[in-house]
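Right, one structure below, let's go through it.
The values are calculated or read from the model by the stated rules, or taken from the named source; none is laboratory data. Since the model is a prediction, treat every value here as computed from it, not as a measurement. A quick note on method: Cβ atoms are made from the backbone with ideal geometry, for glycine too, and the neighbour counts reach across all protein chains shown.
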Amino acid sequence: MSKGIYQKWLEDDNLILLQGWKRNGLTDEQIASNIGINVRTLSKWKVKYGQIGQALKIGREQANYAVEGKLLKKALSGNTTAMIFWLKNNWRDKYNDSELSPEERKLAKARSRKINAEADIARWRADELTGKNKADDSTVLVDDIGDVEDE
């Protein structure tokens, strides 16, 4: 079935697609499935056809590190936009566009934790009503959580 299919994957558009799949974190098994071949065939293609091997060489993590390195170099060389981007994403407590004061941000985080806890309690209660929770569950949820405003 894979005879001659490789030629299609040597075209520029398809090589870019392979790179994108790899950068998005797809495994070789998933990529082979997307192509419609066996993973062993893909492994052979990577060795036999250098363009395919090269396209699948850089994964998501490596691409992120490469871009991060380039961004850092631009920021260090005085590129103001790169500096702002770097600081906003790597020093969020100090550099952000939020209009909230530190106290308001703390309160918003506490409210978010409370909402998540209430959702967990509701999910546990629903499971209890439907019999999904066993009597010997060792986790005990407490729903006597005070309002954030009380803090």
Given the residues I58, I37, I31, which is the only one that is among the aliphatic types (A, V, I, L, M), at pLDDT 95 or above and either part of a loop (DSSP other than H, G, I, E, B) or touching a strand residue (DSSP E or B) at 6+ places or on another chain (Cβ under 7 Å) (or both)?
-> I37
Does any residue of the stretch 10-21 turn out to be surrounded by 12 or more Cβ atoms within 10 Å (Cβ to Cβ), over 30 Å from N89 (Cα atoms) and over 27 Å from the mean Cα position of the chain (by Cα)?
-> yes
Output the number of residues of the stretch 31-67 satisfying the condition of being farther than 12 Å from W9 by Cβ, under 19 Å from the mean Cα position of the chain (by Cα) and not hydroxyl-bearing (S, T, Y).
-> 9
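Each row is one residue, and each column tells you yes or no for (1) surrounded by fewer than 11 Cβ atoms within 10 Å (Cβ to Cβ); (2) charged (D, E, K, R).
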| position | (1), (2) |
| --- | --- |
| G4 | yes, no |
| R23 | no, yes |
| L42 | no, no |
| G59 | no, no |
